[in-house]
Amino acid sequence: MTFQSLSFPVFLAAAALVCRGLSGTPAAVMALELFCLAFYLSGGGWAALAVLAAGVAVTRTALGALSGPHRRRNLVLACCYHAAVLAVFKYAGFFTGGAWSLDWAPMGLSFFTFQQLWLLRDVYTGDYRPAGGEPWPLFALFFPTVTSGPILRAGEFFPQLKEAGFLRPGARDAAAGLYALCWGTVKKVLLADPLGTVVANGWSGAERLSAPEAWLVMLAYTLQLYLDFSGYCDIASGAARLLGVRLPVNFDVPYRSLSVGEFWKRWHRTLTSFLRQCVYFPLGGSRKGPLRTYRNILVVYLVSGWWHGAGWTFLVWGLLHGLAQIAERAWGPGRERLPGAVRWAGTFLFVNVAWVFFRAPDLHAAGAMLSAAVSGGLRMPGEWLLEGFFDSETAAAALAAPDLPAQWLLLGAVMLAGLAVSLMREEPVGRMDTFRPVWWRGAVLAVLTAWSVLSFTGITGFIYSNF
């Protein structure tokens, strides 16, 4: 089961209704845990669940030993266990040069691992003190977040289970949850996936792209990745709100950033917070001089790249972001005196170029794409890039107006809409707490959501579920 399937709204409605009916009773949390278990089994299977269950057991055992005389040793052992499991499933092929690797990995393992490590860190430092009786399986398998985050913190999650609104959201929260669900679905189905068709076509023929084609593919991927992942987070936050749970805001319109440092304060914010608290600060942060600070920044972003994927392309992507932030720090206040438009354009251009390594299957392909962007000639984009792009809609438009370049017009509309959504002042999730229904906006969103649901067949999985 996935968010972009017809079965998910039915599943979510059943979970919300059953748990609401049981709210206030000891069976309520157990019922929600069973729904989370069913959701995970539908996508991950029993073997994957066994791996995560073992991880939960290791964490619980370690938590009980983090207050004893060997608390540091116990912390290290538990962290090494989680890191080793992630390495075996995700990086064995890289470490062995492809000689040996597993053909599968448990669904959501990367997010699960960082969530467990963060929990261990918070208990060790005293940022979170378990009260006893916490439903750890619910924390580990909470179905809105289990596949692609956001990464949860125990100190933000468990207190909500004791609030009056848990499993009994008010009308305003329910309306805000539906709003976020619809927005996320539209982002994914009507914007991200159509752009993904153009991206896939372009990368399949990267070595023959002209410069305009290469830049079109690069920009399309920049928009696709944001719309896909932020769309997932919108749906996750909306689903959680219908259960009376508030998730952390994982995106804050990152493409409005005026620096790479600001970009990482806005993009995948829970990952950035994890890396800052669990990697950057333990290394010394910025307290031991500029050279140590620069080293720590590079380590953090190499870890970020490594977490996203076992390949040199991800390491290069992380290295580029680390070097960019070092350059910004070294430049100092002088950069702040540049016009805001110049800083935005430079940041957005850098992010576009860096995403090439994130998307490329290997370094050779990344080089081919960047080479085409610089020296591919000025031939205008060809029809082959649009193969499979909104085929049903453009076929209908062709019957009504055969001379109209329907696919190109629709691509332009999708690109403009994607840019507009990416650069809006506030994320849909950020507006949930102050959400007020407006009938005409609701009507437009309802039409777009209906279109999205009718387009579910053939929709691809969320990109970050691969990480």
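Taking the Cα centroid of region 163-212 and of region 421-440, what is the distance between the two, rounded to the nearest whole Å?
15 Å
Would you compute, from DSSP H runs of 4+ residues alone, the mean residue ellipticity of the chain at 222 nm, taking -39500 (n - 2.57) per run and dividing by the full residue count, rounded to the nearest 500?
On the way: 20 runs with 297 residues, N = 467.
Value at 222 nm, helices only, nearest 500: -21000 deg cm²/dmol.
Please enumerate, by chain and number, the lysines with C-alpha under 25 Å from the C-alpha of Lys162, excluding those fewer than 8 residues away in the same chain.
none
Give me the base-10 log of I(q)/I(0) for the chain at each q in 0.10, 0.11 Å⁻¹, Debye formula, one uniform scatterer per Cα, rounded to two decimals.
With no solvent term, the Cα-only Debye profile gives -0.80, -0.98.
Relative to the present Cα-Cα distance, how much length would full extension add between Leu454 and Phe95 at 0.36 nm per residue of separation?
Numbers: separation 359, 0.36 × 359 = 129.24 nm, distance 4.35 nm.
Once the chain is fully extended between Leu454 and Phe95, it gains 124.9 nm.
What residue among Thr147, Ser237, Pro137 has its Cα farthest toward the positive end of the dipole of region 88-237, where the charges are +1 on Lys, Arg and -1 on Asp, Glu, each on the Cβ?
Checking the options against the dipole of region 88-237, the answer is Pro137.
No value in this document is a laboratory result; all are computed from the given coordinates. Bear in mind that the values here come from a model prediction, so they are computed numbers and not experimental data. All Cβ positions, glycine included, derive from the backbone under ideal geometry; neighbour counts span all protein chains shown.
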